[in-house]
Amino acid sequence: MAAQEKNLYTGSSTSVLYTDRRDFYLPNDVKELWSDTAPFLTAVANNNQFKPKDPLFKMFEYKNYWRDQRFTIDDTSTMTASSDSEVTVTLPASTTTNTIGLGSGSNGALRGSFLVGLVCAVHTNDPATSKPSSTKKGTVLITTYTSDTEIKVKTLSTTNFDLASGDWFVVIGNAHGEGSESPEPWADELKVVWGSCQIFRTPLQITKTLMEAALRGEPNELIRLRRIKSMEHKMQRERTFLFGESVLGNNLTYGDTFGDTARTDADGEMVRTTTGLRQAIAKYGSTSGDDQNIFEVNQASYTYANFVDDCEKIFQYQPLEGSKQMWASAKMLSFWSKMEATSGFAKNSGWTVNIGDVSKDKLGFNYRMLDTPHGMIQLVPTPALTISPYNGEGIITDVSNLRHAVYEGDAYHQNIKTDNAPLIQKDEYYSYDGLGIQLIPTHKIMRLV
């Protein structure tokens with residue numbers, strides 16, 4: 001009788017040796033996607049953190065009025081260089097769009113006797129921008145304030161020039177007479193913006209029997225669930241801080257009303273929510289004008305000139321840190337990285353972007369630096385944007401104008417269900433915090449179209 005040799009596959013795939021005794025699993029070898037789940041939340045939580053005294057909180061912001069002071073006229077007069085006579089100038093009745101940076105009305109524009117003594121350069125209006133053009137007619141001194149619709153001026157120019165309706169008086173300084181009294185003062189006020197904190201609760205539950213079981217892959221199911229639920233908790237907070245919305249509003253326009261405004265759950269309990277940054281920019285931002293902060297990037301036609309113009313507005317308010325951060329979706333990262341000479345961005349622009357190597361921020365997330373004509377942008381891969389309806393967007397922030405409101409510190413509550421001695425363990429990740437957003441023009445969205 002021939003010897004019977006037993007091998008590793010004796011008895012085929014139905015044998016006990018194959019189905020029960022052989023161990024095909026590498027020890028504790030379980031891989032996960034996205035170990036760096038929430039870079040935006042990480043950055044916000046490590047910058048400008050404060051503890052409000054109430055789930056609702058108020059902050060102050062200030063836009064320097066003196067950076068741009070001007071108003072239009074509604075008159076046609078001749079300014080004679082040899083004359084020391086006052087010339088009456090009529091002003092438009094409305095100050096909403098015709099006066100910038102002069103006074104403290106609700107729209108930041110008001111006229112008054114404090115105009116006396118201002119020296120103004122007279123510029124024609126640029127119809128394309130509705131702002132002063134580079135064509136200067138002359139210079140005048142405001143000598144008398146008659147009313148909100150009438151002032152008197154004298155020329156400071158050595159040549160004659162004509163005033164026309166729609167011309168801009170651009171403030172360049174002030175001048176006063178020898179022995180004169182101090183001019184009339186005026187003052188503006190801080191603007192109040194607000195936000196709210198939100199309760200986040202992410203539970204996990206496991207039976208006592210499963211807790212004691214010896215398992216393959218991940219030997220301890222409780223530890224595995226804790227780690228996974230921790231990442232889920234972080235990702236949901238990340239998405240909230242980007243996309244969340246509050247019925248309270250933020251007073252970033254003048255139509256919001258402060259109050260403990262919230263929804264209620266099925267038991268009538270108040271459910272307060274916080275406003276995410278992308279939601280705030282989309283709601284309160286602008287697609288044009290001096291404070292434009294929503295930019296559409298047409299992938300088929302975007303040029304170097306477009307890039308320079310966009311960056312001019314992106315960096316008009318220089319960040320204290322010297323660079324800005326772009327929380328970038330995968331498609332936005334791909335856009336900046338495409339360097340083909342025969343198609344796409346490079347072909348349309350005749351240039352290529354300069355992107356640095358991958359580096360790791362001190363907070364632990366990866367980034368690459370995008371060199372722009374006006375400043376550096378830190379490109380941070382952001383999974384919450386990639387796996388969202390906003391893949392193709394990048395959110396550019398000035399972190400000094402974001403605040404992390406922590407009403408209660410993060411906590412991990414263990415074994416929270418003990419009544420009647422259930423044979424389970426229920427734990428919970430808990431956070432009670434919100435996002436404070438100030439100076440919305442300093443935050444931007446770039447969107448591929």
* Structure fact -> When region 386-400 is checked residue by residue, the ones that are closer than 24 Å to Pro319 by Cα and either open to solvent by 20 Å² or more (accessible area, probe 1.4 Å) or free of Cβ contacts under 8 Å to residues at least 60 places away in the same chain (or both) are Val399, Ser400
* Taking region 212-232 on its own, how many of its residues are open to solvent by 50 Å² or more (accessible area, probe 1.4 Å) and either in contact with an Asp or Glu (Cβ under 9 Å, 6 or more places away or on another chain) or modelled with pLDDT of 90 or more (or both)? -> 8
* Residues of region 285-307 classified as more than 30 Å from Asn250 (Cα to Cα) and crowded, with 17+ Cβ neighbours inside 10 Å, total -> 2
* Asked: Of everything in region 401-428 that's in a strand (DSSP E or B) and open to solvent by 40 Å² or more (accessible area, probe 1.4 Å), which residue is farthest from Asn47 (Cα to Cα)?
  -> Lys426
* Asked: What are the residue pairs meeting all of these: first residue in region 233-257, first residue within 16 Å of Tyr429 (Cα to Cα) and open to solvent by 50 Å² or more (accessible area, probe 1.4 Å), second residue at pLDDT 90 or above and not β-branched (Val, Ile, Thr), Cβ atoms under 7 Å, and 6 or more apart or on different chains?
  -> Gln236/Phe200
* Structure fact -> Only one of Val193, Val247 is in a loop (DSSP other than H, G, I, E, B), within 30 Å of Leu41 (Cβ to Cβ) and at pLDDT 85 or above, namely Val247
* Single residue of Ser83, Ser104 found to be open to solvent by 20 Å² or more (accessible area, probe 1.4 Å), modelled with pLDDT of 90 or more and either under 30 Å from Tyr407 (Cβ atoms) or part of a loop (DSSP other than H, G, I, E, B) (or both) -> Ser83
* Are there any pairs with C-beta distances below 6 angstrom linking a residue in region 311-327 that is assigned to a strand (DSSP E or B) and at pLDDT 90 or above to a residue that is of a type in the set (Gly, Ala, Ser) and surrounded by 13 or more Cβ atoms within 10 Å (Cβ to Cβ), with the two at least 6 apart or on different chains, and if so which? -> Met326/Gly394
* Just give me the residues in region 142-173 being crowded, with 19+ Cβ neighbours inside 10 Å and free of Cβ contacts under 8 Å to residues at least 60 places away in the same chain, in sequence order. => Ile142
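The values are calculated or read from the model by the stated rules, or taken from the named source; none is laboratory data. Please read all numbers here as calculations on a predicted model, not as lab measurements. Using ideal geometry, Cβ is built from the backbone for each residue, glycine included, and neighbour counts are taken over all protein chains shown. Each accessible area value is taken on the protein alone, full model and side chains, heavy atoms only, with ligands, DNA and RNA left out. Shrake-Rupley method; radii C 1.70, N 1.55, O 1.52, S 1.80 Å.
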